[in-house]
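> I'd like to ask you about the structure that follows.
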Amino acid sequence: QPFTVIPTGENWDDEAHGTHVAGTIAALGGNGKGVAGVCWQSRLISYKCFAEADGSGSEWAVYGSLYDLILWKLDEGITTTIPVNMSLGGAGADFFELEMINAAFANDIVIIAAMGNDGTRTSHYPAAYAGVIAVGATNGRDERVHFSMPGPHISVSAPGYDIVSAGNASNSDYQWMSGTSMAAPYVTGLVAYMLTHEPVTYGAAIEVPLIHW
């Protein structure tokens, strides 16, 4: 089944989760409106992986989207590193998922994933796959939020409690959400921002490459 391109200016996000995550990464800043993304100078490419408003989605929709991004990167001749935010997960792991994850790594794509919100010390994927940057959630006191899943594979934690970001109701809609899904895009935005910088030699021209999301 081929992918459907969402027309420019339309938002097919049924539950605002993806819009909220995208806003944390790349909402336009410096305009006195709403919120500012961590790296609003980045180019954002989004995939609608969850077909239903309840958040359900097939494995093919999620990891097929990752493979489609790999093909796009190759077709466009993109040589810069692409950070990918995956604010999703589940208890199951299989070879297809792992194959797509490894294909992404082989093509210079960095994956940042949410640890999960069960609060239990169990592994959720893709966060628990080797090489993935796994992100937990903290509150305003810089403490782990009770729902944020711990585990030896965690890479870093970021704010994930009562986070305000873009909503899906209108261009002026902003919503509060909590979860490791809200923490992961802070790290993704930071990775994107770091990738906009290159070591500079004194007297040399400064070149800032465009980051493709």
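> Are any residues in segment 99-126 of a type in the set (Gly, Ala, Ser), assigned to a loop (DSSP other than H, G, I, E, B) and farther than 14 Å from Met182 by Cα, and if so, which ones?
Start the filter on segment 99-126 by keeping residues that are of a type in the set (Gly, Ala, Ser), which leaves 103-104, 106, 113-114, 116, 119, 123.
This time we only want the ones that are assigned to a loop (DSSP other than H, G, I, E, B), so: 116, 119, 123.
Once the filter is applied, which keeps residues that are of a type in the set (Gly, Ala, Ser), assigned to a loop (DSSP other than H, G, I, E, B) and farther than 14 Å from Met182 by Cα, segment 99-126 yields Gly119, Ser123.
> Please determine whether any residue of segment 84-98 is over 16 Å from the mean Cα position of the chain (by Cα) and of a type in the set (S, T, N, Q).
For segment 84-98, residues over 16 Å from the mean Cα position of the chain (by Cα) and of a type in the set (S, T, N, Q): absent.
> Say whether the condition of being open to solvent by 20 Å² or more (accessible area, probe 1.4 Å) and within 23 Å of Arg43 (Cβ to Cβ) is met by at least one residue in segment 145-165.
No, there is no match, as no residue in segment 145-165 is open to solvent by 20 Å² or more (accessible area, probe 1.4 Å) and within 23 Å of Arg43 (Cβ to Cβ).
> From Ala127, Ala93, Ala137, Ala114, which residue is over 29 Å from Pro7 (Cα atoms) and either open to solvent by 60 Å² or more (accessible area, probe 1.4 Å) or touching a helix residue (DSSP H, G or I) at 6+ places or on another chain (Cβ under 6 Å) (or both)?
From the options Ala127, Ala93, Ala137, Ala114, the qualifying one is Ala137.
> Among Lys33, Lys73, which is the only one that is of a type in the set (Lys, Arg) and more than 20 Å from Gly167 (Cβ to Cβ)?
Details: Lys33 fails: more than 20 Å from Gly167 (Cβ to Cβ).
Going through Lys33, Lys73 in turn, the sole match is Lys73.
> Any residue in segment 1-25 that is open to solvent by 80 Å² or more (accessible area, probe 1.4 Å) sitting within a Cβ distance under 7 Å of a residue that is polar (S, T, N, Q) and assigned to a loop (DSSP other than H, G, I, E, B)? List the pairs, counting only those 6 or more apart or interchain.
Asn11/Asn168
> A further question on this structure: May I ask you to list the residues in segment 61-90 that are open to solvent by 20 Å² or more (accessible area, probe 1.4 Å) and part of a helix (DSSP H, G or I)?
Result: Ala61, Tyr67, Asp68, Leu71, Trp72, Leu74, Asp75, Glu76.
> If you take the residues of segment 150-183 that are free of Cβ contacts under 8 Å to residues at least 60 places away in the same chain and not in a loop (DSSP other than H, G, I, E, B), which of them is farthest from Gly116 (Cα to Cα)?
Top of the filtered list is Trp176.
The values are calculated or read from the model by the stated rules, or taken from the named source; none is laboratory data. As the structure is a prediction and not an experimental result, all values here were calculated from the model. Glycine also receives a Cβ, built like all others from the backbone with ideal geometry; neighbour counts cover every protein chain displayed. These accessible areas exclude ligands, DNA and RNA; they are computed on the full protein's heavy atoms, side chains included. Shrake-Rupley method; radii C 1.70, N 1.55, O 1.52, S 1.80 Å.
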